[in-house]
Amino acid sequence: MGNMISYKRPDGQAVSGYLAEPAKGAAAPGMVVIQEWLGLNDQIKGVADKLAAAGYRALVPDLYRGKVALAANEAEHLMTNLNFGDAAGQDVRGAVQHLKASGSTKVGVTGFCMGGALTVLSAVNVPEADACVVWYGYPPLEYVDASKIKAPLMGHWATEDVPFPIAKVGELEKMLRGAKVNFEFYRYNAKHAFANETADSKNLPMLKYDPAAAEIAWGRTMEFLGKHLK
């Protein structure tokens, strides 16, 4: 459904990404989709395709520059070597700017796991973003300057999340409230990666796909994006 494209970061470097276009093409609103820790794989391309089917131009930046991890230890290595500030402030911001420059009036950002953490950072560091949807991931909270978040924010969190404990989500909420950010957070009685249909195949006890929770979260997401981007 989509194609690999190249776009420019604010600093002029080129990044490749997977772009899935809806039927109505360049005038449609845009969504930048941020990968999980595994990289730009078929599962995250599928998320972009799903958004394209719903009428969005969906672009997934290749944050790992062509590398994809199949196992947890490789993913950890790739994620550890990723510069999060650069990824949010350059790769993601460039992707948002690219979609705007090529026809989308409004552009949102969404991401899962590591990409969720990067979505929080993008809400802070990408002023061009018009809406952000975070899926079970947050950065170290000292990197979150909530006063800079201007776009509406939605968050989907798992109460039994091991990599991103739910207690910290309460701290993040306090920060957002203090800065008067327009946000809505939802908690699901589920494990990390509950919206990833391939989660169970990773054979990691901390990951579990929950189709019922995923369906509710996607319904909320589509309503939120429709309100803020369409």
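Sub-7 Å Cβ pairs linking a first residue in the range 64-77 that is touching a residue at least 24 places away in the same chain (Cβ under 8 Å) and at negative phi to a second residue that is in a loop (DSSP other than H, G, I, E, B) and not hydrophobic (A, V, I, L, M, F, W, C), at least 6 apart or interchain, are Val68/Asn41, ordered by first then second residue. The one condition from (1) touching a residue at least 40 places away in the same chain (Cβ under 8 Å); (2) under 23 Å from Gly226 (Cα atoms) that Val124 does not meet is (1).
Quick check on this structure: which one of Glu160, Glu184 is outside any loop (DSSP other than H, G, I, E, B) and either surrounded by fewer than 21 Cβ atoms within 10 Å (Cβ to Cβ) or out of contact with any helix residue (DSSP H, G or I) (no Cβ under 6 Å at 6 or more places or on another chain) (or both)?
Glu184
Among the residues examined, Ser147 qualifies as of a type in the set (S, T, N, Q) and closer than 22 Å to Phe84 by Cβ.
Scanning the range 5-59 for residues that are of a type in the set (A, V, I, L, M), in contact (Cβ under 8 Å) with a residue 24 or more places away in the chain and part of a strand (DSSP E or B) turns up Ile5, Val15, Leu19, Ala20, Met31, Val32, Val33, Ile34, Ala58, Leu59.
Tell me which residues, restricted to the range 126-157, are of a type in the set (A, V, I, L, M) and part of a strand (DSSP E or B).
If the condition is that a residue be of a type in the set (A, V, I, L, M) and part of a strand (DSSP E or B), then Ala131, Val133, Val134, Leu153, Met154 are the ones that fit.
Screening the candidates Trp135, Trp157 for the property of being in contact (Cβ under 8 Å) with a residue 60 or more places away in the chain and aromatic (Phe, Trp, Tyr) yields one hit, Trp135. Kindly check whether there is at least one residue in the range 128-138 that is surrounded by fewer than 22 Cβ atoms within 10 Å (Cβ to Cβ), charged (D, E, K, R) and in contact with a Phe, Trp or Tyr (Cβ under 7 Å, 6 or more places away or on another chain). No; the residues of the range 128-138 include none that is surrounded by fewer than 22 Cβ atoms within 10 Å (Cβ to Cβ), charged (D, E, K, R) and in contact with a Phe, Trp or Tyr (Cβ under 7 Å, 6 or more places away or on another chain).
On the given criteria, is Ala54 under 19 Å from Tyr18 (Cα atoms) and surrounded by 24 or more Cβ atoms within 10 Å (Cβ to Cβ)?
Here the answer is no, as Ala54 does not meet what is asked.
Apart from one condition, Gly17 fits all of (1) buried (at least 19 other Cβ atoms within 10 Å of the Cβ); (2) closer than 21 Å to Glu215 by Cβ; (3) over 13 Å from the mean Cα position of the chain (by Cα); the exception is (2). For Thr105, the requirement of being out of contact with any Lys or Arg (no Cβ under 9 Å at 6 or more places or on another chain), assigned to a loop (DSSP other than H, G, I, E, B) and among the hydroxyl-bearing types (Ser, Thr, Tyr) is met.
Values quoted throughout were computed directly from the atomic coordinates according to the rules given, and no laboratory measurement underlies them. Bear in mind the structure is a predicted one, so any value in this text is a computation, not a measurement. All Cβ positions, even for glycine, are placed from backbone atoms using ideal geometry, and neighbour counts span all protein chains on display.
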